[in-house]
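Asks: I'd like to ask some things about the structure below.
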Number of protein chains: 2
Amino acid sequence: MTDSNKWYTQSGPDGDVVLSTRIRLARNFSDIPFVGRMTDAQKAQVEERVRDAVLNGNWALAGNFHYIDMEHCPHVQAVSLAERHLISPEFSQGAAGTALLLLEDESVSIMVNEEDHLRIQVMRPGLDLNEAYDTADKIDTLLDEKLNFAFHDRLGYLTQCPTNLGTGMRASVMLHLPALQELGSMNQLANTVAKLGLTIRGTYGEGSDAKGAVYQLSNQVTLGISEQAAIENLRSIAQQVIAQERNARKQLCADVRVQDRIWRSYGILTTARTLTVKEFTGLISNVRLGAATGILNIPMDVISRLLIDAMPGTMISQSKQELDAAKADLERARLVREALGANRP
Amino acid sequence: MTDSNKWYTQSGPDGDVVLSTRIRLARNFSDIPFVGRMTDAQKAQVEERVRDAVLNGNWALAGNFHYIDMEHCPHVQAVSLAERHLISPEFSQGAAGTALLLLEDESVSIMVNEEDHLRIQVMRPGLDLNEAYDTADKIDTLLDEKLNFAFHDRLGYLTQCPTNLGTGMRASVMLHLPALQELGSMNQLANTVAKLGLTIRGTYGEGSDAKGAVYQLSNQVTLGISEQAAIENLRSIAQQVIAQERNARKQLCADVRVQDRIWRSYGILTTARTLTVKEFTGLISNVRLGAATGILNIPMDVISRLLIDAMPGTMISQSKQELDAAKADLERARLVREALGANRP
């Protein structure tokens, strides 16, 4: 099981719908080429500078960061980091010269030599954009004093990909939208938010295939807009989506067939002896809907933790035994039964 | 819920595989035509004679029989009687001049003017052919003294249908054969027992469609064989089938996928909010297999009782509210959850 001091084992504001909030800042050194054009020596130089600034910086958090050399990180651990959204899936490949600086509670992670020299990422449970942005901003300011990030008076922060130019900020919220998905509202919602400068996409597959019904809503515009304005726009639209999802849930959960499905999902999760990650993802989504609407009396943090612990990389890297695919499905079933408090009849 | 003094709420010998044993004797009066050729007056005469012999007979059980006029019996109650195997499905149609005499614990039922003037039926839980036959024989002897059944020195008891001529006895055992069914052994088994003068058939549909995996094994030969020999033949073959089923279960239940299915079936039955009789039949069969093999710690009598209580006619006739099909599925789910001891998480 994951440690209970990790940020994602807690529930946050609007936690019935919002899993988490993320702020990601793309930053680059002005005196070194972008990642796509760097030499190995330059990669090492970037890594050295960032490592020194973070670990030996004159700030309270310095002692609480871990340094992870991604090139030599065991694959399952790297996959587990991606499952916890601490790194991008591509970053888990462990390319030469890549590294991660990770705060102990995992709420702050800094990818080094991903698409940009630095990707500073702050995570918070629930809808908590201001808090997440404040932390990201403070870290950015402290590091900027030492590292002197590339900044253009007219363009703002310079980034390898032009779509990040300006604020270099990507703000996003992870939403659990089982009701809107079931009512077939996702396509229309995607069109609507696109017109407002946002994007929404499934995190476990697109459209109705999004088994877990988890969607990421994020800003697209980084140029000609302030960080505060971008965040305000995202929060405002997120709140409308949250309200829509709550209405849809009310409508849906009055139906005994939906209650039935929620209860059966709980029944299966507390009894199954083998469980693929795909099936788990669908069933836990139903159970989360049940817990969020009061149909099931299960604390949300139990579910949040399971959403991490039952993922393949995290499960395998935390297991005391060697797990092949078949054994992993047995172990997943055991872990889920235990977490949801199944009792032998 | 059914009363706990009913015979089918108990478990009997070899109860892991055998649900029940039934002896049925076909008897006719010698001075009245067979049912197919009777007048209404003659039907009434038969009914009157049997009723008087049973209810006012000089025997210990006389006071414990109930008389049910099938023609005026409410349809759901008649269906419920058929679900409890106390009458044949055809008899539940309530044709004019038909009646049932039913012992309080429902272990003895006498159908009047079904295919024969009398069909004396004795039921026992588990494999208990001797006990069932002894009881049937005693009742037959007592009634014969008063009623003088049609008997031919060479042919034996005369019956309307020639296939019952001779002993007039049909002995049968209800077997739960989920493992043999799953291993695809039922067709071969049917061929084998046919050569030995027996027949085996699914009670909820034929072949692999037999959702509940409940099969009736019964004797076919009534002419040129004594009752004792017929019963001995049936018992001997039943015991071989039981042994085969137990072996098949051992093989099957070592497979975690089968354990998984058994547990999930239990999980669904203890949580579902709506449950059709078809789905229930399949799931309770898995749960019964689990209980019989020690995978689930559920008393067999809880399951035996549910197999009756959750059937449509019995459920509707025992319910305090009016039940349409949709409401019946809700009520069935509630009843099953309660019986299997589900707790809210």
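The values are calculated or read from the model by the stated rules, or taken from the named source; none is laboratory data. This is a predicted model, so every value here is computed, not measured. Positions of Cβ are generated from backbone atoms using ideal geometry, with glycine treated the same way; all protein chains shown enter the neighbour counts. Keep in mind that these areas ignore ligands, DNA and RNA; they rest on the heavy atoms of the full protein, side chains included. Shrake-Rupley method; radii C 1.70, N 1.55, O 1.52, S 1.80 Å.
Asks: Can you spot a residue in region B:26-39 that is open to solvent by 60 Å² or more (accessible area, probe 1.4 Å) and either part of a helix (DSSP H, G or I) or farther than 20 Å from B:GLU115 by Cα (or both)? Spell out the reasoning first.
Replies: Residues of region B:26-39 that are open to solvent by 60 Å² or more (accessible area, probe 1.4 Å), as a first pass: B:30-31, B:34, B:36-37, B:39.
Those still in the list that are either part of a helix (DSSP H, G or I) or farther than 20 Å from B:GLU115 by Cα (or both) too: B:36-37.
Taking every residue of region B:26-39 in turn, at least one turns out to be open to solvent by 60 Å² or more (accessible area, probe 1.4 Å) and either part of a helix (DSSP H, G or I) or farther than 20 Å from B:GLU115 by Cα (or both).
Asks: Test each condition in (1) surrounded by fewer than 17 Cβ atoms within 10 Å (Cβ to Cβ); (2) at pLDDT 95 or above; (3) over 24 Å from B:LEU340 (Cβ atoms) for A:LEU223 and report the one that comes out false.
Replies: That leaves (2) as the condition not met.
Asks: Name the residues in region A:6-25 that are of a type outside the set (S, T, N, Q) and not in a strand (DSSP E or B), would you? Give the steps one after another, and end with the answer.
Replies: Taking region A:6-25 and keeping what is of a type outside the set (S, T, N, Q), we get A:6-8, A:12-19, A:22-25.
Listed by number, the residues that qualify are A:LYS6, A:TRP7, A:TYR8, A:GLY12, A:PRO13, A:ASP14, A:GLY15, A:ASP16, A:VAL17.
Asks: Give A:LYS195, A:LYS211 a once-over and let me know the one that is open to solvent by 20 Å² or more (accessible area, probe 1.4 Å), among the charged types (D, E, K, R) and under 30 Å from A:LEU307 (Cα atoms). Before the answer, list the steps.
Replies: Numbers: A:LYS195 fails: under 30 Å from A:LEU307 (Cα atoms).
The conditions single out A:LYS211.
Asks: Scanning region B:42-55 for residues that are open to solvent by 40 Å² or more (accessible area, probe 1.4 Å) and closer than 24 Å to B:ARG22 by Cβ, which turns out modelled with the highest pLDDT? Even if it seems obvious, please write down each step before you answer.
Replies: Within region B:42-55, the subset open to solvent by 40 Å² or more (accessible area, probe 1.4 Å) is B:42-45, B:48-49, B:51-52, B:55.
With closer than 24 Å to B:ARG22 by Cβ added as a condition, the list becomes B:51, B:55.
Values: B:ARG51: 94, B:LEU55: 91.
Residue satisfying both the conditions and the ranking: B:ARG51.
Asks: Checking A:LEU307 against (1) at pLDDT below 95; (2) under 26 Å from A:ARG249 (Cα atoms); (3) within 13 Å of chain B (Cβ to nearest Cβ), only one condition comes out false. Which one?
Replies: (3)
Asks: Mind checking which residues of region A:57-81 are open to solvent by less than 20 Å² (accessible area, probe 1.4 Å) and within 13 Å of A:LEU101 (Cβ to Cβ)?
Replies: Across region A:57-81, the qualifying residues are A:GLY57, A:ALA62, A:PHE65, A:MET70, A:LEU81.
Asks: In this structure, does A:VAL302 turn out to be over 20 Å from the mean Cα position of the chain (by Cα), not assigned by TED's automatic domain parsing to the domain that holds A:PRO13 and not charged (D, E, K, R)? Steps first, answer last, please.
Replies: Details: over 20 Å from the mean Cα position of the chain (by Cα): no; not assigned by TED's automatic domain parsing to the domain that holds A:PRO13: yes; not charged (D, E, K, R): yes.
So A:VAL302 fails the test.
Asks: Ok, one more. Yes or no: A:ILE200 in the same structural domain as A:THR159 (by TED's automatic domain parsing) and surrounded by 19 or more Cβ atoms within 10 Å (Cβ to Cβ)?
Replies: Numbers: in the same structural domain as A:THR159 (by TED's automatic domain parsing): yes; surrounded by 19 or more Cβ atoms within 10 Å (Cβ to Cβ): yes.
Yes.
Asks: Sort out which residues of region B:120-170 are in a strand (DSSP E or B) and open to solvent by 50 Å² or more (accessible area, probe 1.4 Å), and write them in order of number.
Replies: Here is the first cut: in region B:120-170, the residues in a strand (DSSP E or B) are B:120-125, B:149, B:151-152, B:156-157, B:166, B:169-170.
B:ARG124, B:PHE151, B:HIS152, listed by residue number.
Asks: Mind listing whichever residues of region B:278-299 are part of a helix (DSSP H, G or I), open to solvent by less than 10 Å² (accessible area, probe 1.4 Å) and within 10 Å of chain A (Cβ to nearest Cβ)?
Replies: Answer for region B:278-299, where residues must be part of a helix (DSSP H, G or I), open to solvent by less than 10 Å² (accessible area, probe 1.4 Å) and within 10 Å of chain A (Cβ to nearest Cβ): B:VAL287, B:GLY290.
Asks: Being within 14 Å of chain B (Cβ to nearest Cβ) and either crowded, with 20+ Cβ neighbours inside 10 Å or within 24 Å of the chain's Cα centre (by Cα) (or both) is the filter here, so list the residues in region A:314-330 that pass it.
Replies: Listed by number, the residues that qualify are A:ALA328, A:ASP329.
Asks: OK, next. Looking at A:ASN130, A:ASN148 in this structure, which one is within 24 Å of A:TRP59 (Cβ to Cβ) and modelled with pLDDT of 95 or more?
Replies: A:ASN130
Asks: Counting only residues that are in contact with a helix residue (DSSP H, G or I) (Cβ under 6 Å, 6 or more places away or on another chain) and within 24 Å of A:ASP52 (Cα to Cα), how many does region A:125-159 have?
Replies: Number of matching residues: 4.
Asks: Let me ask you something else. Hey, B:ALA333 hits all of (1) crowded, with 19+ Cβ neighbours inside 10 Å; (2) facing chain A (nearest Cβ under 10 Å); (3) out of contact with any Lys or Arg (no Cβ under 8 Å at 6 or more places or on another chain) but one; which does it fall short on?
Replies: (3)
Asks: Taking region A:260-277 as the search range and keeping residues that are free of Cβ contacts under 8 Å to residues at least 60 places away in the same chain and more than 7 Å from chain B (Cβ to nearest Cβ), which one is surrounded by the most Cβ atoms within 10 Å (Cβ to Cβ)? Write out each step before concluding.
Replies: First pass over region A:260-277, keeping only residues free of Cβ contacts under 8 Å to residues at least 60 places away in the same chain: A:260-265, A:267-268, A:274, A:276-277.
The next check asks that each one be more than 7 Å from chain B (Cβ to nearest Cβ); those that pass are A:261-262, A:265, A:276-277.
Working: A:ARG261: 20, A:ILE262: 26, A:SER265: 24, A:THR276: 15, A:VAL277: 17.
Residue satisfying both the conditions and the ranking: A:ILE262.
Asks: Which one of these does B:GLU48 not meet: (1) out of contact with any strand residue (DSSP E or B) (no Cβ under 9 Å at 6 or more places or on another chain); (2) closer than 30 Å to B:VAL221 by Cα?
Replies: Tallying (1) out of contact with any strand residue (DSSP E or B) (no Cβ under 9 Å at 6 or more places or on another chain); (2) closer than 30 Å to B:VAL221 by Cα, B:GLU48 fails exactly one: (2).
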